[in-house]
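Enquirer: Structure below; questions to follow.
The values are calculated or read from the model by the stated rules, or taken from the named source; none is laboratory data. From a predicted model like this one, the values you see are computed outputs, not experimental measurements. For neighbour counting, all protein chains shown are included, and Cβ atoms are generated from backbone atoms with ideal geometry for every residue, glycine included.
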Amino acid sequence: MAIWYTDIALAQIQGQNFPGAKGEQQIIQPPYQQNNPLFEGTLEMIGTYIWTGSEAANDIINVGKLEAGYIVDPNGHVASGITAPATTLTVAIGDNDLGQPTSLPVPNPRAMIAQPTNFVAPTWVSGTTYVYGNVVADATSTPAFQVFTMVSATNSGSTAPHSAANTIWMPNSQRYSNSIDIHAASGNVAFTGGTQTYGGPASIVPQSTTPGQLPVGFDPSVALQYANQQYQIQNDCWFQALLLTVAAPVANTFSVFRVSLLASN
């Protein structure tokens with residue numbers, strides 16, 4: 001699995017683009033817009049990805065940074081130029097919020113206030129009782145440690161989340177869109193099938209001492225009420241496209257990811 005970056009994400013990645021950096025994607029030219037919607041007025045992220053020809057299934061494209069407190073509008077689009085980026089190309093659109101630490105944001109050692117503690121989903125454990133809205137990382141998924149939110153009243157039992165995706169567990173990698181076909185030239189494909197309304201109790205109620213679990217004293221009978229909330233980003237994270245299928249990607253073609261953002265904090 002490789003991780004790739006749009007022009008916006010390259011400008012935002014931590015510790016990148018210093019003189020002499022080798023072996024990683026580099027900014028060829030500055031992005032057309034610097035995306036910090038809280039301050040720049042335009043509540044829209046537009047990330048352009050230039051295909052290298054080396055992409056493969058299960059690779060991830062980091063489109064841009066989402067800051068804590070954002071709500072992402074699932075009515076986004078992926079557009080392409082006059083040359084088809086691949087003969088086969090399907091992607092899912094989501095984020096890695098509550099996943100493994102991403103180094104976003106970089107702590108400021110000179111800050112006079114305490115740095116926030118990121119909330120990270122615990123690893124799924126077979127036989128554990130989970131309820132609506134619990135968030136876990138699946139060590140056996142592809143790619144590994146993909147994050148899932150429980151969306152069913154049925155206990156997961158011994159079935160790993162990736163094996164019960166879209167029935168018991170919702171993959172956060174497709175929070176804003178499940179599989180869409182973006183291989184065609186001059187395409188403008190809308191997100192579809194996203195399940196971002198499953199926010200999980202961690203989005204609404206105080207965190208428990210066990211990350212990803214309901215707080216002590218929280219009534220499980222109302223967990224569904226908290227699960228069915230439009231998802232609000234908990235930690236700074238990456239807005240991502242997961243490549244589901246790829247065949248013959250064409251170097252120097254491009255795809256543009258466009259999504260609107262709401263600052264809810």
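Enquirer: In region 87-98, which residue that is under 29 Å from Asp138 (Cα atoms) and surrounded by fewer than 21 Cβ atoms within 10 Å (Cβ to Cβ) is nearest to the chain's Cα centre (by Cα)? Lay out the reasoning, then the answer.
Expert: Residues of region 87-98 under 29 Å from Asp138 (Cα atoms): 88-98.
Those still in the list that are surrounded by fewer than 21 Cβ atoms within 10 Å (Cβ to Cβ) too: 88, 90.
Values: Thr88: 22, Thr90: 16 Å.
So the residue we want is Thr90.
Enquirer: Is it true that Gln115 is surrounded by fewer than 19 Cβ atoms within 10 Å (Cβ to Cβ), outside any strand (DSSP E or B) and at pLDDT 65 or above? Steps first, please.
Expert: Numbers: surrounded by fewer than 19 Cβ atoms within 10 Å (Cβ to Cβ): yes; outside any strand (DSSP E or B): yes; at pLDDT 65 or above: no.
Against the criterion (surrounded by fewer than 19 Cβ atoms within 10 Å (Cβ to Cβ), outside any strand (DSSP E or B) and at pLDDT 65 or above), Gln115 does not qualify.
So that you can scan it fast, the table gives a plain yes or no per residue for (1) buried (at least 16 other Cβ atoms within 10 Å of the Cβ); (2) free of Cβ contacts under 8 Å to residues at least 60 places away in the same chain; (3) not in a strand (DSSP E or B); (4) not hydrophobic (A, V, I, L, M, F, W, C):
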{"position": "Met45", "(1), (2), (3), (4)": "yes, no, no, no"}
{"position": "Tyr49", "(1), (2), (3), (4)": "yes, no, no, yes"}
{"position": "Gly53", "(1), (2), (3), (4)": "no, no, yes, yes"}
{"position": "Asn62", "(1), (2), (3), (4)": "yes, no, no, yes"}
{"position": "Ala68", "(1), (2), (3), (4)": "yes, no, yes, no"}
{"position": "Ile71", "(1), (2), (3), (4)": "yes, no, no, no"}
{"position": "Val78", "(1), (2), (3), (4)": "yes, no, no, no"}
{"position": "Pro85", "(1), (2), (3), (4)": "yes, no, yes, yes"}
